[in-house]
Amino acid sequence: MSFFSFGQTAEIDIVLNDAETRKKAEHKTEDGKKDKYFLFYDGETVSGKVNVTLKNQGKRLEHQGIKVEFVGQIELYYDRGNHHEFVSLVKDLARPGEMAQSQTFDFEFTHVEKPYESYTGQNVKLRYFLRATISRRLNDICKEMDIVVHTLSTYPELNSSIKMEVGIEDCLHIEFEYNKSKYHLKDVIVGKIYFLLVRIKIKHMEIDIIKRETTGTGPNVYHENDTIAKYEIMDGAPVRGESIPIRLFLAGYEMTPTMRDINKKYSVRYYLNLVLIDEEERRYFKQQEITLWRKGDIVRKSMSHQAAIASQRFEGSEKTLPQASEDDN
């Protein structure tokens, strides 16, 4: 990125120390496109170099100091321009003075706390980025580099099955059961539906996965529902005593882990929605929340003490695993 002014100008480039080996992850941008970014986990160190290249050889660059920041922030789209920073770390690279030639500065943010997953939604965005700044009297020279953070979890200790009933008195009685209530993002939902009483003519049945994004507080609460998947269970009339198996593979859908009250700004929840349609086009619904989590490997034995402490931070019986890689199986 070049910034032009009178006299000397400079270009800033940020390079990670492990750029050649670090894994990248696809992440959706605000305009709906997908880009790849370097992938980090909670507790990992972020280190690299800031390269400052002078544009006009032979001229000096006056500055009020050079710094690099690691920032985690949340932006609510209805409150644009007001960024809520939950992580803000600064390293000074150079004191005020002059630069006579291009220069490279090393930086390291050790065992950085990254408590939340990167997220781009309908009304909110959570991002992590590095920002290098050359402070000047008239116009600063800045360069930002986004990274992506994934939160990893171990297998939940308590994962009870879901049993529910759908009923209309003297007309319909259906029981359905799912094998568990918490699923990792590449899991399979296994279940069964039992028809105990059928006196209305059902012509269609499906299960939808609904994503519900909630932003704001008090009177300024916004809900956005998005149907992630539709799974047709049945096309035709069932009879009493019949049972229908369900197998829904999650790996093919774009989903995030469940996010509850992130920094008191937003939540992302997922629901299984059972939909029945009769011959008169009447629709019957039954909704049940499920918890989604991102599967991680076992914590490495060489993991630092600070990262181990960070790994304890996760709600319920799930634990965040820093410095681990995602299980592709």
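A few points about this structure:
Conditions (1) charged (D, E, K, R); (2) in contact (Cβ under 8 Å) with a residue 24 or more places away in the chain, marked per residue:
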position	(1), (2)
Tyr194	no, yes
Tyr222	no, yes
Asn225	no, no
Glu242	yes, yes
Phe249	no, yes
Lys264	yes, yes
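- Within the option set Gly81, Gly97, Gly72, being in contact (Cβ under 8 Å) with a residue 40 or more places away in the chain, assigned by the TED database to the domain that holds Gln122 and in contact with an Asp or Glu (Cβ under 9 Å, 6 or more places away or on another chain) holds for one residue only, Gly72.
- Leading residue by the ranking (farthest from the chain's Cα centre (by Cα)) among those in region 8-54 that are among the acidic types (Asp, Glu) and open to solvent by less than 30 Å² (accessible area, probe 1.4 Å): Glu44
- The residues of region 223-247 that are among the polar types (S, T, N, Q) and within 24 Å of the chain's Cα centre (by Cα), listed by number, are Asn225, Thr227.
- Taken over region 106-154, the criterion of being open to solvent by 20 Å² or more (accessible area, probe 1.4 Å) and outside any loop (DSSP other than H, G, I, E, B) is satisfied by Asp106, Glu108, Lys125, Arg127, Arg131, Cys142, Lys143, Glu144, Met145, Asp146.
- Glu75 being exposed (fewer than 12 other Cβ atoms within 10 Å of the Cβ) and under 17 Å from the mean Cα position of the chain (by Cα): no
- The criterion of being over 26 Å from Met255 (Cβ atoms), in a loop (DSSP other than H, G, I, E, B) and open to solvent by 70 Å² or more (accessible area, probe 1.4 Å) holds for Gly58.
- Taken over region 177-208, the residue count meeting the criterion of being among the hydrophobic types (A, V, I, L, M, F, W, C), farther than 21 Å from Glu281 by Cα and open to solvent by 20 Å² or more (accessible area, probe 1.4 Å) is 4.
The values are calculated or read from the model by the stated rules, or taken from the named source; none is laboratory data. Note that the structure is predicted; figures quoted are calculated from it, not measured. A quick note on method: Cβ atoms are made from the backbone with ideal geometry, for glycine too, and the neighbour counts reach across all protein chains shown. Surface accessibility is based on the protein's heavy atoms, side chains included, excluding ligands, DNA and RNA. Shrake-Rupley method; radii C 1.70, N 1.55, O 1.52, S 1.80 Å.
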